[in-house]
Structures are given as structure tokens and as C-alpha cells.
Amino acid sequence: MIQTRDAYGPWALITGAASGIGAGFARHLAREGLDIVLASRSAERLTALGAELTAAHGTAHRVVPVDLSAADAVQALADATADLDVGLVVSNAGAPHLGPFLDRDAADLHADVALNATAHLDIAHHFGRRLRERGRGGLVLVSALGALHGLPLMANDSAAKAYVANLGEALHHELRPAGVDVTVLLPGNVDTPIINAIGLDRTAMPMRTLPVDVAVAEAMDALARGRARHIPGRLPRTAARVVPRSLSIAVNAKMMAGALDRRPTG
């Protein structure tokens, strides 16, 4: 508990903190004694989570309601944390969209890229500079397992997440001499609300879902061990290594098509 706060504390900033992996990071880090800045669009859920963390662990928290897809989002985060010694940043915000690429409006596609890629760029740039000046710290960029190849019916999402994965891997090496640890997390079958939002059939998924707390613990272990990227769960890691790329694309295409077929029409 002392080690994590000493290495990355006293404050951690988590974006996309209202649910899923972001909320999991908040609970994990508060347990380890870090004070938490919670950022997301949902002020109500952030306020409830912050109260939960303070009551359970005695840690301080700050709520920052912000739309991470907005052009001024990073400035809002910078202003809200200017007086805090932020030593760990978890850039986790993102939203999935299932459907044929050509059926979506171009403006919506650009908005998705702003949230799923550009927001991570802005956060890594601003807070990376702060951590470099500080002389130590950590940065976790949450990408997705779908970043490893094109994901049919989620083409724009997988492309944006590939940007985040490559950015983080490069920064892992660039920032290490400055004392800043960087790890990319590539979750696939983690049990989050995204599975329900996409409409995936949990019983038909090729792998059992992994609890959020397990994925977060693995991510923090990877960060501490100096790993550039980490896929949570032994089976997904093995599959990513041994399953042919063409087969993985085909399996995911079938799974996404099934989710699309189950959506109500009209």
C-alpha cells in the first residue's frame, strides 16, 4: 500500500471514472492510499463514487465533470488539478459504437476519434510534461484488444484505439529516462458496461469475462514492472499471441454481426 502511494502519489487522475475500468482503477488506487481526481461527464455518478471512496478509505477526492471529446477538455482537467501533486494519470475515457462504417455520419465518426484517440493524446501531452517536470510518476493509457487489428463493424473504434496503443508504447520508451512509467492496457473480455452497450451475448463470447478488479490489478502490476503494454487475462494474452490474425478478425466479425442482429429495429 505504501509503495504505490510513494511511487505514484499522492494524487491520481482517472478519466472515464464513472463506471467500468475507470471506476475500478479509482477503487483500487483509493485502497492503496492515493487521493483521487475523478473525471467524466456524469457528475452524479462521480460524486457518489467519490463519497464511497472517502468513506471506505479516508482518501480525499475531487470531482471534475467534463466531456472528454470537447476541444477544451484537457484545459478543464489542467485547471482542476493545477494545485494538486498528480503523480499518476489513467487516461481511460472512451465509448464504443457498433455498426457499418459507411452507415454512420462523418461528423459522428470524427467525434468518436476525438474521444477515443485525441483526448488521450491531449492528456498524455499535458500531464506527461507535468510528470516529466516532477521527475517521477506513472501514465496508463487504456486502449483495447481490438486495437491489434481492424475490427469489423467497429472499424473507427479499433483504428482510434490502435493510435492509443502505439502512442503509449512509444511514450513508454521516451519517458522512461525522465522517471515516468508508461503502460498501455488492452482490455478485451473485461466485464464492463461496454459489453451490454454493444449488445454482445455473454454466453456466445469465445472467452469468459474477466472481473474489472482483476484487470486493474494486472495493469498496476504491469506498470510497476515496467511493461510497455498489457493484455489482462491469461487466455486473451495467449490468444493474441497464437491465434492467426485472419482468424481473430473473422471470429470478431461474427460476434459483432450477431450483436448487431440482436438490436431492436425501428
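The values are calculated or read from the model by the stated rules, or taken from the named source; none is laboratory data. Here the structure is a predicted model, which means the values were calculated and not measured. Heads up, the Cβs are rebuilt from the backbone with ideal geometry, glycines too, and the neighbour counts pull from every protein chain shown. Surface areas here come from the heavy atoms of the whole protein model, side chains and all, with no ligands, DNA or RNA. Shrake-Rupley method; radii C 1.70, N 1.55, O 1.52, S 1.80 Å.
When Lys and Arg each count +1 and Asp and Glu each count -1, what net charge do the other residues less than 12 Å away from residue 13, Cβ to Cβ, add up to?
My count for the surroundings of residue 13 gives 0.
Quick one: compute the contact order of the stretch 1-102, relative version, from alpha carbon pairs under 8 angstrom and 6+ residues apart, as a percent.
Worked out over the stretch 1-102, it gives 34 percent.
Mind jotting down the distance between the C-alpha centroids of the stretch 20-65 and the stretch 83-107, whole Å?
19 Å
Quick one: length gained pulling residue 225 to residue 178 fully straight, 0.36 nm per residue minus the C-alpha distance?
15.3 nm
With +1 on each Lys and Arg Cβ and -1 on each Asp and Glu Cβ, how big is the dipole of the stretch 1-138 about its Cα centre, in debye rounded to the nearest 20? Intermediate results must be reported in sequence, preceding the final value.
On the way: 12 positive and 16 negative charges, 101 e Å.
For the stretch 1-138, the charge dipole is close to 480 debye.
How large is Rg/Rh for the stretch 192-263, to two decimals, with Cα atoms and a Kirkwood Rh?
Working: Rg = 14.1 Å, Rh = 13.8 Å.
Result: Rg/Rh = 1.02.
Of the accessible area of the chain, with the probe set at 1.4 angstrom, what percent is carbon plus sulfur?
54 percent
With a point put 7 Å past each Cα toward its Cβ, work out how far residue 67 is from residue 85 in nm, to one decimal.
Placing both labels 7 Å along Cα→Cβ, they lie 3.6 nm apart.
Net charge near residue 178: determine it from the other residues with C-beta under 12 Å of the C-beta of residue 178, scoring Lys and Arg +1 and Asp and Glu -1.
The answer is +3.
Classify the stretch 117-266 from the C-alpha gyration tensor, please: rounded if a/c falls under 1.5, else prolate or oblate depending on whether a/b exceeds b/c.
Prolate.
Would you mind getting me the FRET efficiency between residue 60 and residue 237? Use the beta-carbon distance for r and R0 = 25 Å, nearest 0.05.
0.10
Give me the base-10 log of I(q)/I(0) for the stretch 98-192 at each q in 0.13, 0.15, 0.17 Å⁻¹, Debye formula, one uniform scatterer per Cα, rounded to two decimals.
Ignoring solvent entirely, the Cα scatterers give -0.48, -0.62, -0.75.
Calculate the dipole size of the chain relative to its Cα centre from +1 charges on Lys and Arg beta carbons and -1 charges on Asp and Glu beta carbons; express the result in debye to the nearest 20.
Its charge dipole is roughly 880 debye.
Assuming 0.36 nm per residue, please report the length gained on full extension of the stretch residue 106 to residue 126 beyond their Cα-Cα distance.
Length gained, residue 106 through residue 126: 4.4 nm.
If I take R0 = 22 Å and measure r between the Cβ atoms of residue 203 and residue 170 in this structure, what FRET efficiency does the formula 1/(1 + (r/R0)^6) give, to the nearest 0.05?
The computed FRET efficiency comes out at 0.05.
Could you please put 172, 57, 110 in sequence from largest to smallest accessible area, using a 1.4 Å probe?
110, 57, 172
Could you size up the charge dipole of the stretch 68-177 around its Cα centre, putting +1 on the beta carbon of Lys and Arg and -1 on that of Asp and Glu, and report it in debye to the nearest 20?
Charge dipole of the stretch 68-177: 480 debye, to the nearest 20.
Please report, largest first and rounded to whole Å, the three semi-axes of the ellipsoid equivalent to the stretch 161-209, where each semi-axis is the square root of five times an eigenvalue of the C-alpha gyration tensor. Walk me through the numbers on the way to the answer.
On the way: eigenvalues 205, 20, 14 Å².
After diagonalising the Cα gyration tensor, the semi-axes are 32, 10, 8 Å.
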